[in-house]
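Here is the structure we will look at, set down as structure tokens.
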Amino acid sequence: MNHQEILKTKLSSARAQQGRFVFVFTVPVLLLFTLFVLVPTVQGLYYSLFDWSGLSSNMTFVGLENYRRMLFEDSVVWLALWNDVKVALARVVFTLVLSLALALLLTRRRVLANGFFRNIFFFPVVLSAVVICTVWMMMYNSSFGIINPILNFFGISAPAAGWLGSKQTALMSVVPPAVWCSVGFYMIIFISAIEGIPGELYESALLDGASTWRQIVHIILPLIRPQINFCVVYTVISSFNASYMFIDLLTNGGPNNASQVLGTYMSLNGFEYHKFGYATAIAMLILAATAVMSVIMNRIFRSEAHEY
């Protein structure tokens, strides 16, 4: 066997190994994605074309009637969609600012740069939504909650119906617990990104007389743009798909639909009104709204390539 044949044999063997590697690490993921994402989506789209209670096998084909009713006759849908957008934007702003601020404190301040504080701030991430909502309901309580005395100290009075019972404050009162339980997750991502920045860049900046603020603006923020983009997009996705848990536990969409979001309205139609076809049409709207908001946020916070 000459030299060229040996090289061809090695090349074909390397290609075969590469093909097996791609197969092993790609096909199972695609199968899981198909099983848990594509198939339920197609099923939901199929069910949304029927008038179905979800409890029997009697299904009446109505075509796009559920969508026509949802978009042109049901005013609660648009209220819930607007509430979803407001909650998503609020969660993006507060989650991004707080998680980034904590990450900077825990990496740029030696007193705080230890595992104890990281574990403390990360702890809410591992708690269930039920525990989190129970804690915040106690904090919001007008009789023994801690929030009202703090706000009263600054001259801010609680609504007569309480923070969760007032139409003006019920929706935004859900945002703090939703932010609290996710800040630690993004904080860890930002800490990892910041610690990956070479120290030589900070040393060069110090030699040039750059202050801490200038180092943050001109070194840290540009180099962690991909992580910021991930934080924004993933927060939007989780807000549209998971905020309903907090609203369901804290306000149940009230009072008078003031804190209703698409997730709680979908659950209400599906499991209480037994309009499963209409509920799946709302689920399709949630999917579309999530995709649109994610694309918009991704374009706004689109990351650029930065080299060290």
Potential extension, Ile237-Lys86 segment - 0.36 nm per residue separation minus Cα distance: 53.0 nm
Kirkwood hydrodynamic radius (C-alpha pairs) into Stokes-Einstein, the stretch 217-308, 20 °C and 1.002 mPa s, D in µm²/s: 142
His218-Phe61 FRET efficiency (beta carbon distance; Förster radius 51 Å; 0.05 resolution): 0.25
19 Å cut-off, amide nitrogen to a point 7 angstrom out along Asn252 Cα→Cβ, residues in the stretch 163-186: 163-174
Convex hull volume per residue for the stretch 119-234, taking Cα atoms only, in Å³: 158
q = 0.26 Å⁻¹: log10 I(q)/I(0) that the Debye formula gives for the stretch 124-192, counting C-alpha atoms only: -1.15
Matching label, Kirkwood radius over Cα pairs in Å computed from the structure shown, candidates [x] 21.2; [y] 20.0; [z] 23.1: [z]
Selection from Phe122, Val85, Phe61, by position along the positive dipole direction of the chain (Cβ): Phe122
Added length on full extension, which subtracts the Cα-Cα distance from 0.36 nm per residue, Asn141 to Ile296: 52.1 nm
Anisotropy class of the stretch 219-262 from Cα gyration tensor, a/c 1.5 cut: prolate
Helical segments meeting 27 Å axial Cα length and Kyte-Doolittle 1.0 threshold in the chain (DSSP H): 75-108, 175-195, 276-300
Segments 291-301, 148-158 sorted - mean Cβ within 10 Å per residue, highest first: 291-301, 148-158
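No value in this document is a laboratory result; all are computed from the given coordinates. Because the structure is a prediction, the values reported are computed rather than measured. When we count neighbours, we look across all protein chains shown, and the Cβ atoms used for this are built from the backbone with ideal geometry, even at glycine.
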